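Read-outs: derived from the displayed coordinates by stated rules, not from any lab. Small disclaimer: the values here were computed from a predicted structure and weren't measured. Quick reminder, even Gly has a Cβ in these numbers, built from the backbone with ideal geometry, and neighbours come from all protein chains shown.
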Amino acid sequence: SSQLALAKMVCSDSPFAGALRKRLLVLQRVFYALSNKYHDKGKVKQQQHSPESSSGSADVHSVSERPRSSTDALIEMGVRTGLSLLFALLRQSWMMPVSGPGLSLCNDVIHTAIEVVSSLPPLSLANESKIPPMGLDCLSQVTTFLKGVTIPNSGADTLGRRLASELLLGLA
């Protein structure tokens with residue numbers, strides 16, 4: 001028994017054991033990241049309770065989708081129209097002459113968005129499986145708008161283009 005304890009101590013302190021521990025730690029982190037990104041607990045529970053879960057991969061997508069309610073449709077309508085209104089107002093504001101130094105509505109709005117995105121935890125938008133479809137659609141619309149702003153002939157001033165680029169990098 002004392003020989004076994006001595007052998008464990010010698011083996012656990014060897015450079016090979018240290019390298020194995022480091023590799024195991026890296027593999028554990030990779031596994032944890034993958035399981036958080038691709039493993040949606042709600043889908044697994046629905047699949048386990050669904051009798052059609054063994055009939056093929058086409059059913060996996062239909063099980064996770066729930067029928068849209070009228071409330072969801074109204075919320076989506078409000079968000080989509082709000083975004084399009086915001087984008088139209090920002091474009092219109094860029095076309096108007098600035099009344100004073102640093103008084104650009106567009107740049108203020110984009111700067112506020114940068115502050116919000118920078119306050120989020122790192123990589124919080126990277127896991128797309130945890131973002132609802134409407135959120136993904138909004139992110140797509142915002143990135144499309146911001147990409148258009150970064151183009152030199154967009155009508156935005158230099159600061160606006162720089163802020164839009166900064167926000168795009170924050171969302172990426």
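Points to keep in mind about this one:
- For the pair SER1 and LEU27, the difference between a 0.36 nm per residue extended length and the Cα-Cα distance amounts to 6.1 nm.
- Positive minus negative residues near SER14 (Lys, Arg vs Asp, Glu; Cβ under 15 Å): +3
- Under the Karplus curve 6.51 cos²θ - 1.76 cosθ + 1.60, θ = phi - 60°, whole-Hz ³J(HN,Hα) for the range 156-169, x wherever Gly or Pro sits: 6, 6, 4, 5, x, 5, 5, 5, 5, 5, 5, 5, 4, 5
- Here the residues LEU90, LEU171, ranked from fewest to most Cβ neighbours within 10 Å of their Cβ, fall in the order LEU171, LEU90.
- Evaluating 6.51 cos²θ - 1.76 cosθ + 1.60 at θ = phi - 60° for every residue in the range 113-126, the Karplus couplings come out as 5, 5, 4, 5, 5, 6, 7, 6, x, x, 6, 6, 9, 6 Hz, glycine and proline recorded as x.
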